[in-house]
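**Student:** Structure below; questions to follow.
The values are calculated or read from the model by the stated rules, or taken from the named source; none is laboratory data. These numbers were taken from a predicted model, which means no experiment stands behind them. Because the Cβ atoms are built from the backbone with ideal geometry, glycine has one as well, and the counts that use them run over all protein chains shown.
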Amino acid sequence: MGNVSNKNYFEKEFELRYFEMNKFGVATPSSILVLLEEAVAEHCNAIDYSLYQLEAQKIGWVLYSGFVQIVRYPKYKEKIRIKT
């Protein structure tokens, strides 16, 4: 699965890379947050906006409210999906 986009959501699959791991071979909380940011940027691009176009129009993405619950941190080379 690559990117999936429809009018209600966008979904992106990532394969975890070495530099996103801690010394135990699992993703760090900060690397998960970076992937969330990347998914938002990809979502924006999928609807024909670049983040730089949004800036020029003086609009942007804002996380107004949210909750992240990580039940298990993914391991090296594991694939995860993020949906926005």
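**Student:** Of the residues Lys7, Lys23, Lys12, which is within 14 Å of Lys75 (Cβ to Cβ) and either crowded, with 16+ Cβ neighbours inside 10 Å or out of contact with any Ser or Thr (no Cβ under 7 Å at 6 or more places or on another chain) (or both)?
**Tutor:** Lys23
**Student:** Under 9 Å between Cβ atoms, at least 6 apart or on separate chains: pull out the pairs that start in segment 14-28 with a residue that is under 10 Å from Ile80 (Cβ atoms) and acidic (Asp, Glu) and end on any residue that is surrounded by fewer than 12 Cβ atoms within 10 Å (Cβ to Cβ) and modelled with pLDDT of 95 or more.
**Tutor:** Qualifying pairs under 9 Å: Glu15/Lys77; Glu15/Lys79.
**Student:** Quick check on my filter: what residues within segment 10-52 are modelled with pLDDT under 90 and not in a helix (DSSP H, G or I)?
**Tutor:** Ile47, Asp48, Tyr49, Ser50
**Student:** Can I ask one more? Might you check whether a residue that is of a type in the set (D, E, K, R) and touching a Leu at 6+ places or on another chain (Cβ under 8 Å) occurs anywhere in segment 45-64?
**Tutor:** No, every residue in segment 45-64 fails to be of a type in the set (D, E, K, R) and touching a Leu at 6+ places or on another chain (Cβ under 8 Å).
**Student:** Restricting attention to segment 33-70, and to residues there that are polar (S, T, N, Q) and exposed (fewer than 13 other Cβ atoms within 10 Å of the Cβ), which single residue is farthest from the chain's Cα centre (by Cα)?
**Tutor:** Step by step, filter segment 33-70, then rank; the result is Gln57.
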